[in-house]
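Encoded as structure tokens, the structure appears first; notes follow it.
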Amino acid sequence: MKRILLSLSILLVLSSCSSQKDTEKPEVNSVYYEIFVGSFYDSDEDGMGDLKGVQTKLDYIQNDLQATGIWLMPINPSPTYHKYDVMDYTGIDPQYGTMEDFDDLVAEMNSRDMDLILDFVLNHTSTKHPWFIKAKEAMLNDECDVVIECDFYNFSSTYKGRYHRINDNLFYEAGFWSEMPDLNLDNEVVRENILTSAKFWLDKGVKGFRLDATTHFYDDSLENNIEFLRWFNDEIKAYKPDSYLVGEAWTSESIITEMYSSGIDSFFNFSTSQQDGRVVRALRSGNGNSLSKYVESYQSNIKDANKDSIDAVFLSNHDNNRSAGYLIKPEDKRMAASIYLLMPGNPFIYYGEEVEMKGSGIDENKRLPIIWSHKDKTGQTKGPVDATYKQENQLSVEDALRDKNSLLNHYKSIIKIRNAYPDISRGQYEALDLGHDALYGSRQNKTIVVHNLSDESIEFEMDNKKVVKVSGKFKVKGSSIKIEGKSSIIIEE
Ligand code: CA
């Protein structure tokens with residue numbers, strides 16, 4: 001009885017701790033919110049989301065969601081809606097606002113202790129980038145002996161794979177799309193320009209960058225990709241030691257693991273994400289134990305490659321089908337969120353995931369407007385013009401905030417717990433076999449996470465437990481803990 005009372009009193013103390021001021025800075029800033037600016041919040045009623053709009057919604061991101069950082073998809077001047085083809089690496093696209101708007105956003109985020117990372121697209125530029133315009137013209141006029149930009153790109157007099165035609169005797173490399181010519185990253189002036197641009201943004205107070213398409217820098221050489229990333233990381237860390245770099249390497253776990261040897265802090269963990277990824281597969285099979293064992297082995301592999309590596313876990317991003325389209329049952333949406341938000345490393349939430357946004361197929365459908373309110377249209381964006389998905393019955397943020405059982409409020413409570421237990425982000429990970437396949441168990445330093453992936457309650461034994469904190473239903477009796485189906489608990493050692 002005495003022991004139960006003691007546990008109860010610790011529990012009370014803890015729960016009063018967790019109701020700490022909403023804006024208090026967590027020990028580890030680890031939870032990023034990925035935003036497609038154009039579909040987020042429109043501050044000047046032209047239907048286009050903008051930087052001022054992001055600033056307007058910082059309270060939502062920081063307090064209602066509890067995210068501690070933001071990844072902005074590209075904001076540089078670009079001729080396309082998606083802006084992954086950059087025309088000026090140190091400019092702001094006028095559709096999104098001005099440099100002053102950007103400075104205001106960074107200043108307010110920094111005053112809130114929020115981290116900002118920018119999408120840095122350096123594999124290719126737009127064909128409308130002045131470098132490419134100059135290079136192409138010089139190639140056509142045979143003036144490359146005096147025009148250095150010719151060597152910024154890869155031209156050829158004959159057709160090769162990934163190359164596009166200018167005329168019968170002139171082709172250029174553009175692996176993704178004819179309008180996105182690949183940069184020649186071996187050119188020293190290109191490298192200098194890349195560094196100058198990166199430092200420009202770091203000087204403005206950004207935390208770092210999300211590096212687009214890192215496996216395509218050199219399409220035929222992993223070794224060269226690693227060499228380039230090592231060079232970039234070394235330069236950036238020498239300039240700003242506490243900066244943060246996360247790479248997009250949409251490839252296998254083994255290649256990602258090798259790429260960690262470059263020193264880049266994080267790479268997105270594609271194998272845990274999406275419809276057929278490890279988190280959703282674990283939910284479908286009801287096997288949490290094997291998921292935890294995988295996390296342990298992946299953690300061990302990436303730490304071997306780079307002892308400071310930080311896994312970057314996510315459920316979906318701007319290139320993937322929205323998760324609410326395949327996680328149908330409310331308890332599956334909640335469980336998937338609990339799992340990835342309580343994994344080691346830095347979780348990345350794709351805007352709208354928290355309000356069950358849907359959309360699949362063409363990219364535009366994956367980047368639709370978040371609906372703020374069904375009654376008040378203030379700030380509502382129009383979204384990509386070519387989107388074909390109709391947002392019928394889409395939950396609004398306003399309604400989700402009001403419903404205490406909403407997925408949004410679940411995200412908030414889980415992230416609050418994550419922020420209160422820094423071990424979850426950075427502790428040494430050990431898979432715990434709790435004797436039931438359905439139970440995901442992990443120990444990170446003094447914090448234990450347990451998820452029950454089945455629908456049934458499960459009882460397990462645990463010695464030396466001191467206190468149990470919950471984000472679902474559970475019962476403690478002596479040395480046994482009974483956890484209800486689709487529930488998650490945290491145990492402090
Ligand atoms: Ca606008």
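Values quoted throughout were computed directly from the atomic coordinates according to the rules given, and no laboratory measurement underlies them. These numbers were taken from a predicted model, which means no experiment stands behind them. Note that each Cβ is placed from the backbone with ideal geometry, even for glycine, and that neighbours are counted across all protein chains shown.
Structure values in brief
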quantity	calculated
With Cα atoms, 0 to 90° folded angle of helix 288-305 axis to the chain main axis	50 degrees
Sites matching trypsin sites (Lys or Arg not before Pro) across the range 241-326 that sit in DSSP coil, with at most 16 neighbouring C-beta atoms within 10 Å	LYS307
Positive-end residue, the chain charge dipole about Cα centroid, Cβ charges, pick of ILE70, ASN269, VAL28	VAL28
Cβ-placed point charges (K, R +1; D, E -1), dipole of the range 148-195 about Cα centre in debye, nearest 20	240 debye
Per-residue [θ]222 nm for the chain (sum of -39500 (n - 2.57) over DSSP H runs n ≥ 4, rounded to 500)	-9500 deg cm²/dmol
Proxy reagent accessibility, fewest Cβ within 10 Å first, across ASP88, ASP220	ASP220, ASP88
Computed E for THR98/ASP463 - FRET, C-beta separation, R0 51 angstrom, nearest 0.05	0.25
For the chain, size of Cβ-based charge dipole, Lys and Arg +1, Asp and Glu -1, in debye	2700 debye
Least to most buried among ASP332, ASP203, ASP103 (fewest other Cβ within 10 Å first)	ASP203, ASP103, ASP332
Two-site FRET efficiency, ASN224 against SER360, from Cβ-Cβ distance with R₀ of 30 Å, rounded to 0.05	0.30
Burial ordering of LEU408, LEU51, fewest other beta-carbon atoms within 10 Å first	LEU408, LEU51
Of ALA400, MET343, THR381, farthest towards positive along the dipole that unit charges on Lys, Arg, Asp, Glu beta carbons give the range 325-460	THR381
